[in-house]
Each structure stands twice: as C-alpha cells, then as structure tokens.
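Working notes, structure below.
The values are calculated or read from the model by the stated rules, or taken from the named source; none is laboratory data. Keep in mind it's a predicted model, so treat the numbers as computed, not measured. Cβ: placed from backbone, ideal geometry, glycine included. Neighbour counts: every protein chain shown.
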Amino acid sequence: MMLIEKFYSKNSENISVGIANINSKTENLSENKKKIVQALNLFSKKNTNIVIFPEYCLSGYFWEPEAKCRPFMEEACLDNLKDWLDEIVRSYVNETLQYIVFNGLRKNKDKPGAFFNTSIILDRTCNYFDNDKTYKKAFLPGLEKRYITSGINYKLVIETVWGKLGFLTCYDICFPQLIQELADKSAVDALIVNAAWRKQGIREYNSLKMKDDSYYKTQWNIMLPALACHNQIWVMAANAVGPHSQEGLDYCGSSGIWAPSGINMIKGSDTKEELLILHNIDIIRETEAEKKEFSFIDDYRDICQQS
C-alpha cells in the first residue's frame, strides 16, 4: 500500500494521525486481518498516535442473499474476535500509538439475530467493549436496517492530551444535529468518522443537460469540509475504497483530514488503497484560532439570548 505522509508542524509533541484508505473483502476475514496488520506495522514505524480504520474493516459490507451473508457476519462480529483484538493491543498499543479505532459488528444481546454497528477504541486499558469506549451507529441506510439496531441514544467522546474527540459513523454525518451537539454541548475539538461510503448514485437535470453518475461521492466531498467549517472542528475520516467484492458497487475512498476552516490537509485516492499520515497536528490551537475571529457557536448563543 502506498503511503502519503505530511507534516502539519515540526512539534513532535502534537498528535500524529494515521488513516487507512483501504478495502475490506466480504467472506475473507483472514485477508482483512492481514491487511489491517500490514497497515498497523507501517503506522507503528511512523510513530502515529491514533490510527483510524474504515467502517466494517474486518467483515466488509453486507450483500445479498441474506442466507449467505448472515453466517459470515456472525463469524466476523467483534464478539468472536476478542483474542485477536487482545493480540493487536499487545503488539501495537503503547505510549506512542495510544489509540486504534476499529468498526464492526457486535451482537445485540436483547434482540437475537441483530447487531449493533459499533466503533471501538483499542487502548492500553483493554476495556474496549465498555460503553465509554464504544460508539453505536445511530442512522441506518438501506440493507443495514435488516441486520442492525440503531444506537440513537449512544454518544462517545474521549478526552486526550491533544484534545477532545467525538465519534460518528458513515450515514450519521448526514444529520447535522448530531455534529452540532458534539461541537456545542460536548465541545469536541475533532470528529472521528468511520465510513463505507459508496460512489454510485445518479442525479440528472435534463433541462440543464447535467448528470452526475457518482452523486454519493459528490456528497462525501461536500459534507466533510462543510462539517469541519460549519462546526469549526477538525474532521478525520477513514472511508473504504474500491469495489465491493459481491455487489458490484465502488466505495469512494477520499479519506482525509479537514481543518476547522474546512480546508483539506491530506486526502486519499478515490480508487486505490493508501495509508495517510498527518504528523504533529496542533488540534486545540487550530480550533481556538479558527474561533478567534468568528465563533459561530458564541454568536448563535448571543443572538438567542437577545430574542
């Protein structure tokens, strides 16, 4: 896998973020594990502090028919991979690489046959299934509704020495109220996004002779910088890239990091697997600097108090 490496600053005490712009294969858990280990080997050598993987990085996305898909998803759910996750922690998590963000399935113990789409944070505590280390996806598109229970009442925010981080998953970013709550009430400095966001989607405007055959990719490229600048926070997103091995659709990749201005700092390919690293990000200083001239949240509060 190609590595794209950039430096925000020379200060090595600031956070270095690794993002995996990779593809996961359905029905091939062993290959997905191998790819993740290869990525972690490189990220570890490059002294990253947090690594973010795409949505369903171990299982790949759902497919039809359900009779074939479901047994594999049962096998690949995170509940069955505790020993492997423990080994990942022992091998890679340390004083430098402090957090690894995975996303996958966890069984819904209250609803047989159902799962939660769950992002987990691997750290030195090894308590990565605890509620304060997990985020359950709230909003579920299409095929996911057949398998997944919404985690609408769940929220995950962690405090680090580099700043406060909030978490959302894929389709969740279409609902600005979630991000506004994280930015306003929880005062996060950065939003972490795991996604398996596809390219295909057609929007056609015949009178104008306009047609967009990859509308969902267009959405992705609009939403991420908009979320960053509207909320004046960092956005760090890992998205799957390349073809789904069963369904014949493509994920749009374009993983990256956007500053609180909305300006992109680093971005992955929309066709190829790549590993991205942005070194030495001064998260808090940049969020404070962005709000110094115009603080949208403060101005909104001021006008509300006057009404």
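Just to be sure before I move on: is PRO260 part of a loop (DSSP other than H, G, I, E, B), touching a Phe, Trp or Tyr at 6+ places or on another chain (Cβ under 8 Å) and either of a type outside the set (Gly, Ala, Ser) or closer than 24 Å to GLN177 by Cα (or both) in the structure I sent?
Criteria met by PRO260.
Which of the residues spanning segment 295-306 are of a type outside the set (Val, Ile, Thr) and either in contact (Cβ under 8 Å) with a residue 12 or more places away in the chain or within 21 Å of LYS164 (Cβ to Cβ) (or both)?
Listed by number, the residues that qualify are SER295, PHE296, ASP298, TYR300, ARG301.
Within segment 1-51, work out how many residues are among the hydroxyl-bearing types (Ser, Thr, Tyr) and over 17 Å from LEU81 (Cβ atoms).
6
Anything in segment 293-307 that is more than 16 Å from ALA183 (Cα to Cα) and not β-branched (Val, Ile, Thr)? List them, or say none.
GLU293, ASP302, CYS304, GLN305, GLN306, SER307
How about segment 112-153: which of its residues are over 17 Å from LEU165 (Cβ atoms), free of Cβ contacts under 8 Å to residues at least 40 places away in the same chain, surrounded by 20 or more Cβ atoms within 10 Å (Cβ to Cβ) and aromatic (Phe, Trp, Tyr)?
Selection gives PHE116 alone.
Kindly indicate the residue of segment 58-111 that is among the β-branched types (Val, Ile, Thr) and not in a helix (DSSP H, G or I) and also surrounded by the fewest Cβ atoms within 10 Å (Cβ to Cβ) among those meeting that condition.
Within segment 58-111, the first condition is being among the β-branched types (Val, Ile, Thr), and the residues that meet it are 88-89, 93, 96, 100-101.
In the following step, the residues that additionally are not in a helix (DSSP H, G or I) were identified as 93, 96, 100-101.
Details: VAL93: 21, THR96: 12, ILE100: 24, VAL101: 25.
Result: THR96.
Going through segment 201-237 one residue at a time, which ones are touching a residue at least 12 places away in the same chain (Cβ under 8 Å), in a helix (DSSP H, G or I) and either of a type in the set (A, V, I, L, M) or under 24 Å from ILE15 (Cα atoms) (or both)?
MET223, LEU224, PRO225, ALA226, LEU227, ALA228, CYS229, HIS230, ASN231
Select from segment 167-181 the residues that are free of Cβ contacts under 8 Å to residues at least 60 places away in the same chain and outside any helix (DSSP H, G or I) and write down the one among them that is nearest to MET236 (Cα to Cα).
Filtering segment 167-181 for residues that are free of Cβ contacts under 8 Å to residues at least 60 places away in the same chain and outside any helix (DSSP H, G or I), the one nearest to MET236 (Cα to Cα) comes out as LEU168.
Testing CYS304 on (1) over 26 Å from ASN14 (Cβ atoms); (2) of a type in the set (A, V, I, L, M, F, W, C); (3) buried (at least 23 other Cβ atoms within 10 Å of the Cβ), one condition comes back false. Which one is that?
In the conditions (1) over 26 Å from ASN14 (Cβ atoms); (2) of a type in the set (A, V, I, L, M, F, W, C); (3) buried (at least 23 other Cβ atoms within 10 Å of the Cβ), CYS304 misses (3) alone.
Starting from residues that are modelled with pLDDT of 95 or more and either in contact with a helix residue (DSSP H, G or I) (Cβ under 6 Å, 6 or more places away or on another chain) or not in a strand (DSSP E or B) (or both), keep the ones in segment 238-252 and report whichever is surrounded by the most Cβ atoms within 10 Å (Cβ to Cβ).
Going through the qualifying residues, I end up with ALA240.
Is it the case that segment 206-215 has a residue that's touching a Gly at 6+ places or on another chain (Cβ under 9 Å), surrounded by 16 or more Cβ atoms within 10 Å (Cβ to Cβ) and within 29 Å of PHE43 (Cα to Cα)?
no
Of the numbered conditions (1) under 28 Å from GLN246 (Cβ atoms); (2) assigned to a loop (DSSP other than H, G, I, E, B); (3) among the aliphatic types (A, V, I, L, M), ILE152 satisfies every one except a single condition; which is it?
Condition not satisfied by ILE152: (1).
Scan segment 48-65 and report the pairs whose first residue is over 17 Å from ARG106 (Cα atoms) and of a type in the set (A, V, I, L, M, F, W, C) and whose second residue is at pLDDT 95 or above and assigned to a loop (DSSP other than H, G, I, E, B), with Cβ atoms within less than 8 Å and a gap of 6+ or a chain change.
Final answer for the pair search is ILE50/LEU97; ILE50/GLN98; VAL51/LEU97.
When you go through SER261, SER255, SER269, SER295 one by one, which is the residue that is surrounded by 14 or more Cβ atoms within 10 Å (Cβ to Cβ), among the small types (Gly, Ala, Ser) and more than 20 Å from the chain's Cα centre (by Cα)?
Just a single option satisfies the conditions, and that option is SER295.
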